[in-house]
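Visitor: I have a structure I would like to understand better, so I am pasting it below and will then ask my questions one at a time.
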Amino acid sequence: MSGFAMWWAGFWASFADTMEYVWILLPSLLRGALMTLELFALTLALALPLALPISLGSISKLPPLRWLCKTYILIFRGTPLMLQLFFFYFFLPITMGIMLDSFTTAVLTFVLNYAAYFAEIYRAGIQSIDKGQHEAAQSLGLTKAQTMFGIIIPQMIRRVLPPVSNEAITLVKDTALVSVIGAAEMMLAAKGAVNRDVNVMAYAIAAVIYLLFTFVLTVISAKLEKHYSKHENGAI
């Protein structure tokens, strides 16, 4: 057998072994990926609406409400997400006797953290709307609530889509942090496989899955931005 034939046979044997190992790893990594998706979906579903009253409170004319919302935003944007995970996972049981499992702790922490980021994005979007629109609405006899929810916020939603989309992509990557409190998401499954088999293939597979998630989000974000930009420009 020639040298090339021997190399080719060895290559395919190695490739077959690798594929067999990948096939063995996939079930646990996909279970972890499912939890990653659940955490991602719950965080967005709860943080996006929660951020709106916080953002409105941060620009309220009532000083106590304004400073309360600003303090909340400062705390959750100014401290590391991992530290917040440790705080809720260890501090609440020790000081208040509130016992939460790792996944519930992750959802609570991520929702509170991302609500603060989304609130700042909303605030910037609201304040970017021309003040003349407030005056025009007032001249038409609209109340402040009607003006805000009927005129300002719909325009704000179109303007904040790019930064919100960027935060959503960041959220996918941040879900890997919950492995530090033992949540059985994809990164913990990959780490367990690497420690058990002394083989970094699990990390490579996890990286590919994360890339697929972010690719899908990027495509969806681009389509949403294109759709809303048509309405912004008055296109049919």
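Visitor: Could you grab the relative contact order for the stretch 1-150? Cα pairs under 8 Å, six or more apart, rounded to a whole percent.
Guide: 27
Visitor: Which lysines have a Cα less than 18 Å from the Cα of K144, not counting those fewer than 8 places away in the same chain?
Guide: K61, K131
Visitor: May I pose another question? Would you list which aspartates and glutamates come within 19 Å of K223, measuring only between C-alpha atoms, while excluding same-chain residues fewer than 8 positions from it?
Guide: E167, E232
Visitor: From the Cα gyration tensor of the stretch 60-121, with a ≥ b ≥ c the square roots of its eigenvalues, which class applies: rounded if a/c is under 1.5, or else prolate if a/b is larger than b/c, or else oblate?
Guide: prolate
Visitor: A further question on this structure: Can you return the lysines within cross-link range of K191? Criterion is Cα-Cα under 28 Å, with same-chain partners fewer than 8 residues away left out.
Guide: K173
Visitor: Can you tally the net charge around S58? Count Lys and Arg as +1, Asp and Glu as -1, for every other residue whose Cβ sits under 12 Å from the Cβ of S58.
Guide: Residues near S58 contribute +4 overall.
Visitor: Would you work out if the stretch 142-236 is rounded, prolate or oblate? Take a ≥ b ≥ c from the square roots of the eigenvalues of the alpha-carbon gyration tensor; rounded if a/c is under 1.5, else prolate when a/b is larger than b/c, oblate otherwise.
Guide: It is oblate, given that a/c is not under 1.5 and a/b is not larger than b/c.
Visitor: Classify the chain from the C-alpha gyration tensor, please: rounded if a/c falls under 1.5, else prolate or oblate depending on whether a/b exceeds b/c.
Guide: Cα axes put the chain in the oblate bin.
Visitor: Here's another thing I want to ask about it. Residues of the stretch 190-212 with backbone nitrogen within less than 13 Å of a virtual label 7 Å along the Cα-to-Cβ line of T18, please, listed as ranges.
Guide: 200-202, 204-205
Values in this text are rule-based calculations from the coordinates and carry no lab data. Keep in mind that this is a model prediction, so the values were computed, not measured. Neighbour counts run over all protein chains shown; Cβ positions are idealised from the backbone, glycine included.
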